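Student: My structure is below; once you've seen it, I'll send some questions.
The values are calculated or read from the model by the stated rules, or taken from the named source; none is laboratory data. Worth saying up front: this structure is predicted, and the values here are computed from it rather than measured. Quick reminder, even Gly has a Cβ in these numbers, built from the backbone with ideal geometry, and neighbours come from all protein chains shown. Ligands, DNA and RNA are stripped out before the accessible areas are found, and what is left, the full protein with its side chains, is counted by its heavy atoms. Shrake-Rupley method; radii C 1.70, N 1.55, O 1.52, S 1.80 Å.
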Amino acid sequence: MNGLKITNVSKTFGKTNVLKDINVEIADGKFLILVGPSGCGKSTLLNIIAGLETATTGRIEIAGEDVISRDPKDRNIAMVFQSYALYPTMTVRGNIAFGLNIRKVPKAEQQQIVDRVAKMLRIEDLLDRKPAQLSGGQRQRVAMGRALARDPAIFLFDEPLSNLDAKLRVDMRTEIKELHQRMKTTVVYVTHDQVEAMTLGDYIAVMKDGIIQQFGTPSEIYNHPNNMFVAGFMGSPSMNFIPCQLTEVGGEVGVYLQGHTTRFFVRLSQTGKDYSRWLGKNLMFGIRPEHITDYAEQVGAQEAIPCKVDILEPTGPDTLLFITLNKVKVVCRVTPETALQHSIDKMPLYFNTAKAVLFDPASGLAI
Amino acid sequence: MQQAELQAQRIRAAMWFLLPMIAALAFVAAYPLLRSIYFSFTDTTLTSLYTGQWVGFDNYLNWRTLPSGRTIYRGTLVDPAWWNAVWNTVRFAFVSVSIEAILGLMVALVLNANFHGRGLVRAAILIPWAIPTIVSAKMWAWMLNDQFGIVNDMLFNIGLISEKIAWTANVDTAMWAVLMVDIWKTTPFMALLCLAGLQMIPRDVYEASKIDGVHPIKVFFKITLPLVKPALMVAIIFRMLDALRIFDLVYVLTPNSAATKTMSVISRENLIEFDKFAYGSAQSTLLFLMIALFVTLYIWLGKVDLSGDKQ
Ligand SMILES: Nc1ncnc2c1ncn2[C@@H]1O[C@H](COP(=O)(O)OP(=O)(O)O)[C@@H](O)[C@H]1O
Ligand SMILES: [Mg+2]
């Protein structure tokens with residue numbers, strides 16, 4: 001059974017086309033992430049799933065049932081809002097029970113559900129407070145509690161963690177993941193944070209300008225981006241894009257990279273793709289920071305290339321190095337020990353070309 | 001030590017900033033108020049403004065026992081005209097403010113919805129409020145006129161009334177005429193204050209209530225009303241203060257009608273027309289005390305209510 005199926009959904013506000021022909025399908029119990037920059041239409045899509053907005057065209061199925069003509073309350077959904085949307089005049093208990101009350105769940109059962117949810121989210125002590133007396137993190141929990149109380153076919157989250165401070169955000173992220181693994185209910189989760197997307201999702205839909213740029217598992221999205229936007233959006237620091245020309249040297253396809261002092265050839269045979277059609281063309285060589293590194297064993301047989309480092313940024317677990325290749329700034333990631341051992345002018349770096357991606361700069365698409 | 005010095009310096013600076021304001025208030029508010037309270041304890045008349053003698057509470061209440069053993073009470077507190085005015089004022093204030101609050105809230109709810117030309121309607125609805133009271137009172141006086149008023153004409157033509165009614169002169173309808181004009185004029189103000197309150201309510205609370213499937217009427221009473229209540233309370237107190245000292249509308253629309261004479265009207269009458277300056281001052285003072293009492297009560301009751309909310 002499918003958990004959620006979105007078919008040909010478009011949405012226009014007046015003349016602006018906010019969503020363009022969205023198609024997504026996930027199985028029951030999966031965790032779907034909608035990620036993309038602000039204003040790309042994530043919330044609009046979520047609101048269409050919820051029934052708070054009507055789609056201009058298209059169909060929505062939740063748990064195998066077509067819900068497009070139903071009211072939000074009849075879609076068997078629960079939603080957590082970015083600003084929590086707690087009922088300000090009701091206590092925490094009232095907030096959690098209100099939806100049950102409306103659905104005429106017997107009082108005793110309501111009590112049971114509230115207690116169970118409160119225990120699950122560790123908010124038992126807060127039940128008699130009003131939202132105004134809670135911290136941001138506590139309100140967030142209550143908002144989750146209100147959704148959990150309902151036991152719906154699908155949970156909808158609209159950037160639920162974006163108003164929390166960094167540490168709390170990481171904690172809640174883990175908790176949401178745990179909850180999902182326990183409850184096994186379908187989730188659609190909107191975020192603009194690529195770390196949340198990577199850590200939480202079973203599937204990720206990367207959106208931009210109302211179009212799904214790529215849909216896939218986190219590792220597909222991360223390792224095989226469809227285009228330069230997806231490649232650049234997912235990952236931090238983001239992927240390096242180096243302009244280059246595809247050449248053949250001694251039967252090996254690859255690109256020349258020019259540093260401050262050195263010029264060297266990088267073979268691309270390890271990517272296992274056939275690039276013969278693109279020989280002699282100007283392309284973008286995409287490589288993530290962790291793939292220009294000092295972890296020799298990870299990279300295979302390639303030899304180290306001594307590079308001159310412009311800037312060195314220790315982050316703790318790794319150190320980021322900024323070098324210049326083909327006139328653009330390139331970030332690399334090495335262990336702090338390596339960064340200390342070697343001279344700034346001759347840092348030995350390995351290029352893990354097996355993980356590199358080539359893009360057509362005209363269309364931005366991966367080759 | 002240095003901190004205390006700094007603190008003292010700040011307080012001095014604050015005093016200097018406050019001084020002009022305090023001086024202005026003392027001059028335009030405190031002095032006239034204290035002076036009319038003082039007048040109310042004298043036998044001042046319009047012609048002897050500076051030579052009035054202290055008579056204590058005589059303007060409020062005094063009595064004399066006649067040789068026959070009968071006691072005669074005099075003063076504002078036993079003056080039926082005064083109590084009639086008090087009753088008129090209180091009745092007017094409660095009815096007008098209640099209706100204005102309900103209508104204003106309804107109008108605000110409509111204006112808060114999304115529809116075409118909302119900006120224009122919002123501006124248009126303010127027109128009655130923007131017209132000076134004297135002008136709108138005169139305008140309504142003409143429209144309600146029994147001979148050539150348009151209201152009578154229309155009601156007569158559609159057959160709702162069989163003979164033309166002197167709305168403002170008739171004892172039975174005068175108060176209703178005043179109420180109607182005041183409601184017409186002041187509902188927009190109420191609506192605007194309520195609208196400001198409504199716009200403070202975050203939209204997503206309503207989205208949450210849609211997902212919970214709450215009936216719109218329940219949404220109003222459980223979510224909207226509690227959230228606009230603070231704004232509504234402020235709006236009501238403003239209007240109540242205005243209504244309790246209403247003068248201009250009554251004076252212009254229904255001059256000299258006992259059915260509508262309010263406290264302000266009657267005290268002006270005594271002060272200026274009847275040359276009972278001290279007596280009118282006593283009535284003004286009583287009006288001031290009543291309003292002060294009402295505001296204190298309202299704020300006190302309101303506070304109890306509000307803190308109950310925040311628990
Ligand atoms: N009610 C609306 N009327 C007009 N435009 C809207 C409305 N809601 C959203 N939009 C526009 O649709 C686009 C997508 O909005 P939204 O879905 O909220 O983006 P996101 O959640 O990805 O940040 C934005 O450009 C926004 O301005
Ligand atoms: Mg959004």
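Student: Is there any pair with a first residue in the range A:104-127 that is in the same structural domain as A:R150 (by TED's automatic domain parsing) and a second that is assigned to a helix (DSSP H, G or I) and open to solvent by 80 Å² or more (accessible area, probe 1.4 Å) whose Cβ atoms are under 7 Å apart and which are 6 or more apart or on different chains, and what are they?
Tutor: A:A118/A:E124
Student: Looking only at the range A:174-207, count every residue that is assigned to a loop (DSSP other than H, G, I, E, B) and either under 16 Å from the mean Cα position of the chain (by Cα) or within 14 Å of ligand 1 (Cβ to nearest atom) (or both) and tell me the total. First the steps, then the outcome.
Tutor: Initial filter on the range A:174-207 (assigned to a loop (DSSP other than H, G, I, E, B)): A:184-185, A:192-193, A:201-202.
Cutting the leftovers down to either under 16 Å from the mean Cα position of the chain (by Cα) or within 14 Å of ligand 1 (Cβ to nearest atom) (or both) gives us A:192-193, A:201-202.
So the count comes out to 4.
Student: Go through (1) in contact with a helix residue (DSSP H, G or I) (Cβ under 7 Å, 6 or more places away or on another chain); (2) more than 15 Å from ligand 1 (Cβ to nearest atom); (3) polar (S, T, N, Q); (4) open to solvent by 40 Å² or more (accessible area, probe 1.4 Å) one by one and return the number of the condition A:N95 breaks.
Tutor: Here A:N95 clears every test but (4).
Student: Another one. Could you tell me which of the residues B:I246, B:I236, B:I201 is within 28 Å of B:I299 (Cα to Cα), outside any helix (DSSP H, G or I) and more than 14 Å from every other protein chain (Cβ to nearest Cβ)? Let's see the steps before the verdict.
Tutor: Working: B:I236 fails: outside any helix (DSSP H, G or I); B:I201 fails: more than 14 Å from every other protein chain (Cβ to nearest Cβ).
The conditions single out B:I246.
Student: Any residue at all in the range B:206-224 that is on the phi > 0 side of the Ramachandran plot and either within 14 Å of another protein chain (Cβ to nearest Cβ) or assigned to a helix (DSSP H, G or I) (or both)?
Tutor: Here is the first cut: in the range B:206-224, the residues on the phi > 0 side of the Ramachandran plot are B:213.
From what is left, the residues that are either within 14 Å of another protein chain (Cβ to nearest Cβ) or assigned to a helix (DSSP H, G or I) (or both) are B:213.
Yes.
Student: Right, here's the next one. State whether one or more residues within the range A:152-173 are in a strand (DSSP E or B) and among the polar types (S, T, N, Q). Write out each step before concluding.
Tutor: Initial filter on the range A:152-173 (in a strand (DSSP E or B)): A:154-158.
Going one step further and asking which of them are among the polar types (S, T, N, Q), we end up with none.
Scanning the range A:152-173, I find no residue that is in a strand (DSSP E or B) and among the polar types (S, T, N, Q), so the answer is no.
Student: Name the residues in the range A:1-16 that are loosely packed, with under 14 Cβ neighbours inside 10 Å and more than 16 Å from ligand 1 (Cβ to nearest atom), would you? Give the derivation first.
Tutor: So in the range A:1-16, the residues loosely packed, with under 14 Cβ neighbours inside 10 Å come out as A:1, A:8, A:13-16.
Of everything in the range A:1-16, those that are loosely packed, with under 14 Cβ neighbours inside 10 Å and more than 16 Å from ligand 1 (Cβ to nearest atom) turn out to be A:M1, A:N8.
Student: Right, something else. Quick check on A:N23: is it open to solvent by 50 Å² or more (accessible area, probe 1.4 Å), more than 16 Å from ligand 1 (Cβ to nearest atom), at pLDDT 95 or above and not acidic (D, E)?
Tutor: On the way: open to solvent by 50 Å² or more (accessible area, probe 1.4 Å): yes; more than 16 Å from ligand 1 (Cβ to nearest atom): yes; at pLDDT 95 or above: yes; not acidic (D, E): yes.
Spelling it out, A:N23 is indeed open to solvent by 50 Å² or more (accessible area, probe 1.4 Å), more than 16 Å from ligand 1 (Cβ to nearest atom), at pLDDT 95 or above and not acidic (D, E).
Student: Also, I was wondering about something else. Among (1) away from chain B (no Cβ under 11 Å); (2) open to solvent by 10 Å² or more (accessible area, probe 1.4 Å); (3) outside any helix (DSSP H, G or I), there is one condition A:S83 misses while meeting the rest; what is its number?
Tutor: (1)
Student: So, one more: If I filter the range A:1-38 down to residues being outside any strand (DSSP E or B) and out of contact with any strand residue (DSSP E or B) (no Cβ under 9 Å at 6 or more places or on another chain), which single residue comes out as farthest from ligand 2 (Cβ to nearest atom)? Walk me through how you get there before you give the answer.
Tutor: Residues of the range A:1-38 that are outside any strand (DSSP E or B), as a first pass: A:1, A:14-15, A:28-30, A:36-38.
Checking the rest, the ones that are also out of contact with any strand residue (DSSP E or B) (no Cβ under 9 Å at 6 or more places or on another chain) come to A:14-15, A:38.
Numbers: A:G14: 19, A:K15: 21, A:S38: 7 Å.
My answer is A:K15.
Student: State whether one or more residues within the range A:218-225 are of a type outside the set (G, A, S), away from ligand 2 (no atom under 16 Å from the Cβ) and in contact with a Leu (Cβ under 7 Å, 6 or more places away or on another chain). Let's see the steps before the verdict.
Tutor: Filtering the range A:218-225 for residues of a type outside the set (G, A, S) gives A:218, A:220-225.
Add one more test, that the residue is away from ligand 2 (no atom under 16 Å from the Cβ), and what stays is A:218, A:220-225.
Still in the running and in contact with a Leu (Cβ under 7 Å, 6 or more places away or on another chain): none.
Looking for residues that are of a type outside the set (G, A, S), away from ligand 2 (no atom under 16 Å from the Cβ) and in contact with a Leu (Cβ under 7 Å, 6 or more places away or on another chain), one finds none in the range A:218-225, hence no.
Student: Looking at B:A208 and the list (1) open to solvent by less than 50 Å² (accessible area, probe 1.4 Å); (2) farther than 30 Å from A:I154 by Cα, which single condition is not satisfied?
Tutor: (2)
Student: Right, here's the next one. List the number of the failed condition for A:V105; all other conditions in (1) at the interface with chain B (Cβ under 9 Å from one of its Cβ atoms); (2) of a type in the set (A, V, I, L, M, F, W, C); (3) more than 29 Å from the chain's Cα centre (by Cα) hold.
Tutor: (1)
Student: Could you give me the residue pairs with C-beta distances under 6 Å whose first residue belongs to the range B:232-247 and is at pLDDT below 90, whose second residue is open to solvent by 30 Å² or more (accessible area, probe 1.4 Å) wherever it lies, and which are 6+ apart or on separate chains?
Tutor: B:A235/B:L193; B:I237/B:Y298
Student: In addition: Going through the range A:183-210 one residue at a time, which ones are more than 17 Å from A:S162 (Cα to Cα) and within 16 Å of ligand 2 (Cβ to nearest atom)? Walk me through it before giving the result.
Tutor: Step one: filter the range A:183-210 for residues more than 17 Å from A:S162 (Cα to Cα), giving A:183-187, A:202-210.
Scanning the range A:183-210 gives A:A205, A:V206, A:M207, A:K208, A:D209, A:G210.
Student: Another question about this same structure. Mind listing just one residue for me: the one in the range A:62-71 that is surrounded by fewer than 21 Cβ atoms within 10 Å (Cβ to Cβ) and not polar (S, T, N, Q) and, of those, farthest from the other protein chains (Cβ to nearest Cβ)? Lay out the reasoning, then the answer.
Tutor: Going residue by residue through the range A:62-71, those that are surrounded by fewer than 21 Cβ atoms within 10 Å (Cβ to Cβ) are A:63-66, A:68-71.
Subset that is not polar (S, T, N, Q): A:63-66, A:68, A:70-71.
Details: A:A63: 16, A:G64: 20, A:E65: 17, A:D66: 19, A:I68: 16, A:R70: 11, A:D71: 7 Å.
By that ranking, first place goes to A:G64.
Student: If you don't mind, another one. Could you say which residue among A:R70, A:R75 is of a type in the set (K, R), free of Cβ contacts under 8 Å to residues at least 24 places away in the same chain and either within 17 Å of A:T186 (Cα to Cα) or away from ligand 2 (no atom under 13 Å from the Cβ) (or both)?
Tutor: Details: A:R75 fails: free of Cβ contacts under 8 Å to residues at least 24 places away in the same chain.
From the options A:R70, A:R75, the qualifying one is A:R70.
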